[in-house]
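Participant: Before I ask anything, let me first share the structure, which is written out below as structure tokens.
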Amino acid sequence: MNGSKRTPRQPAASSHQHGTGPAAAWARGGPGWLALVPLLVLAACAAPGPPPPPPPPPVLVAESTWWLVDREIAAAARAATVTAGEHAGAAMAKWRQRVRHYCEADFIPWFTSYGTQQWLAIKVAWYRLGNEEPTDPAAARLAAYLQEQYRERVLAPVAREVDPAVVRETAARIYQRSLGTALAGIRQRHGVPADQFDRRLQRIPAISLAPPPTHDASLLQFIHADPLTALPAYGALLARIRVAADGSDGSDGSAGGADARLSPAARRASEQALARLTASGAASAAAAIVGGVPGVVISLGAFGIGLAAHEKQRPEMEAELRANLDAALEEMWFRLVEDRSSSVMAAVHYLSTRIDDELTPARSRPVELAPAPREIPLPAAPGLDVEDLRDEGGPDDARSEAATETATETATETEAETASEAEAGTETGDEDRDAESRY
């Protein structure tokens, strides 16, 4: 201002120019710090994490709980038998109805027709032709022929609608599913761990047909078998049932041996037929054997008479055959429904009985007692021997002895007084009797 020359003010140096700012510091130390990042990441990964939680303590199932579980398993096995039995009963009722239908609609009309009777007469004559044995084979061979016709005309068509072998397998599967569902509910209801419950089921035998060992199966194996026929022990059980049902394997598509039950009825029918065919079918049989023109003449002459006589006897033939077929049906019904060793419920009955016998023996429910309290002995007084107290009588013993002596003296005095009164009464009675006698 006074004419002096001032030096112009220079702008302040920027921190970017001198390299003293944060960016300059990052630029100078950046590479070293970045090198530490991977090391920090590796260290974090290598550091142990939090320890895993300890496993839960094992659940201890009380013996009384297992007792209840066993009882409920046995009850579930019986209930599953009822469920399977309802299905089998309905199916076999339909089977019986269809057998009666085919007997009335097919077998009886076929057997009692005039043409069949003539054909049977020819077969009987053929059976007897050239027979050198002492016994007549015609009855047995005719019975076999009638049995074969019964199977083809009645049992085979019925089996295509209701096959007893299929009913048996279906009943076993229903039993398996029903019992498996009930077992799951029992485990949940009592809070039993799955592994302990499975071990319990593994110890319960369901099928015991060994040897070989594969013919044995536990309840656990039976419940989890899918399909059921893949279980070797179950296959052995079915084979045993088929043997009980007369040894048939059921490969003919029929009732698995039940058609053999017709044999007594077929034998009776054949014997009754032989008695008729010997007389009424003799002319036709002779005509068939002779053959040629003479045979035709014999046949034409006997046809009219034979047909009229046959139609007159036909109601009686039908009644006899119907009685034989009813008897055969009752025998098959017993084998397929009522006999526990061969019926369609045989496998279910075996399983249920085996489980029930294993789980409900003659034993009572276990009682869990609380531990008895510990006995704490009391210390004896100084200078006092406990044994001496037991030998020597104390004040209480003295009082007890005195009371006993007093009671004895009182009883003696009472008895004396009673005796005196009795004597006085006797004397008074004698005096009264003397006075009466004087008067």
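The values are calculated or read from the model by the stated rules, or taken from the named source; none is laboratory data. All figures in this text were calculated on a predicted structure; none of them were measured in a lab. We place every Cβ from the backbone using ideal geometry, glycine too, and count neighbours over all the protein chains shown.
Participant: What single numbered condition from (1) in contact with a Phe, Trp or Tyr (Cβ under 7 Å, 6 or more places away or on another chain); (2) closer than 30 Å to Leu228 by Cα; (3) surrounded by fewer than 22 Cβ atoms within 10 Å (Cβ to Cβ) fails to hold for Val158?
Facilitator: Of (1) in contact with a Phe, Trp or Tyr (Cβ under 7 Å, 6 or more places away or on another chain); (2) closer than 30 Å to Leu228 by Cα; (3) surrounded by fewer than 22 Cβ atoms within 10 Å (Cβ to Cβ), only one is false for Val158: (3).
Participant: Quick check on segment 61-69. Is at least one of its residues more than 30 Å from Phe222 (Cα to Cα), of a type in the set (Phe, Trp, Tyr) and at pLDDT below 95?
Facilitator: No, that holds for no residue.
Participant: Related question: What residue, of Tyr114, Tyr127, is modelled with pLDDT under 95 and touching a Lys or Arg at 6+ places or on another chain (Cβ under 6 Å)? Can you show your working first?
Facilitator: On the way: Tyr114 fails: touching a Lys or Arg at 6+ places or on another chain (Cβ under 6 Å).
The match here is Tyr127.
Participant: Can you find even one residue in segment 116-129 that is exposed (fewer than 14 other Cβ atoms within 10 Å of the Cβ) and either assigned to a helix (DSSP H, G or I) or without any contact (Cβ under 8 Å) to a residue 60 or more places away in the chain (or both)? Before you say what the answer is, go through the steps one by one.
Facilitator: From segment 116-129, those exposed (fewer than 14 other Cβ atoms within 10 Å of the Cβ) are 129; that's our starting set.
Next, only the ones that are either assigned to a helix (DSSP H, G or I) or without any contact (Cβ under 8 Å) to a residue 60 or more places away in the chain (or both) stay: none.
Checked against the condition, which is being exposed (fewer than 14 other Cβ atoms within 10 Å of the Cβ) and either assigned to a helix (DSSP H, G or I) or without any contact (Cβ under 8 Å) to a residue 60 or more places away in the chain (or both), segment 116-129 yields no hits at all.
Participant: Please verify whether Ala138 is modelled with pLDDT under 90, in contact with a Phe, Trp or Tyr (Cβ under 9 Å, 6 or more places away or on another chain) and small (Gly, Ala, Ser), treating the condition exactly as stated.
Facilitator: Values: modelled with pLDDT under 90: yes; in contact with a Phe, Trp or Tyr (Cβ under 9 Å, 6 or more places away or on another chain): yes; small (Gly, Ala, Ser): yes.
The answer is yes for Ala138.
Participant: Is there a residue in segment 171-181 that is outside any helix (DSSP H, G or I), touching a helix residue (DSSP H, G or I) at 6+ places or on another chain (Cβ under 6 Å), among the β-branched types (Val, Ile, Thr) and modelled with pLDDT of 95 or more?
Facilitator: Looking only at segment 171-181, we keep the residues that are outside any helix (DSSP H, G or I), and these are none.
Looking through segment 171-181, none of the residues is outside any helix (DSSP H, G or I), touching a helix residue (DSSP H, G or I) at 6+ places or on another chain (Cβ under 6 Å), among the β-branched types (Val, Ile, Thr) and modelled with pLDDT of 95 or more.
Participant: Name, by its number, the condition in (1) in contact with a strand residue (DSSP E or B) (Cβ under 9 Å, 6 or more places away or on another chain); (2) in contact (Cβ under 8 Å) with a residue 60 or more places away in the chain; (3) of a type outside the set (Gly, Ala, Ser) that does not hold for Gln202.
Facilitator: So the condition that Gln202 fails would be (2).
Participant: Next question, about the same structure. Quick check on segment 230-268: of everything there that is modelled with pLDDT of 50 or more, part of a loop (DSSP other than H, G, I, E, B) and among the aliphatic types (A, V, I, L, M), which residue is surrounded by the most Cβ atoms within 10 Å (Cβ to Cβ)? Let's see the steps before the verdict.
Facilitator: Restricting attention to segment 230-268, the residues satisfying the condition of being modelled with pLDDT of 50 or more are 230-247, 263-268.
When the remaining residues are screened for being part of a loop (DSSP other than H, G, I, E, B), the result is 231, 245-247.
Keeping just the survivors that are among the aliphatic types (A, V, I, L, M) gives 231, 245.
Working: Leu231: 20, Ala245: 28.
The residue in question is Ala245.
Participant: Kindly list the number of the only condition in (1) under 30 Å from Phe197 (Cβ atoms); (2) in contact (Cβ under 8 Å) with a residue 60 or more places away in the chain; (3) assigned to a helix (DSSP H, G or I) that fails for Val61.
Facilitator: (3)
Participant: Under 8 Å between Cβ atoms, which residue pairs at least 6 apart in sequence (or on different chains) link something in segment 145-172 that is closer than 14 Å to Gln97 by Cα with a partner that is in a helix (DSSP H, G or I) and of a type in the set (Ser, Thr, Tyr)?
Facilitator: So the pair list comes out as Val154/Tyr102; Pro157/Tyr102; Val158/Tyr102.
Participant: Out of Ala90, Ala105, I need the residue that is free of Cβ contacts under 8 Å to residues at least 24 places away in the same chain, closer than 17 Å to Val162 by Cβ and over 34 Å from the mean Cα position of the chain (by Cα). Which one? If you could, list the steps in order and put the result at the bottom.
Facilitator: Details: Ala90 fails: over 34 Å from the mean Cα position of the chain (by Cα).
None of the other options fit; the residue is Ala105.
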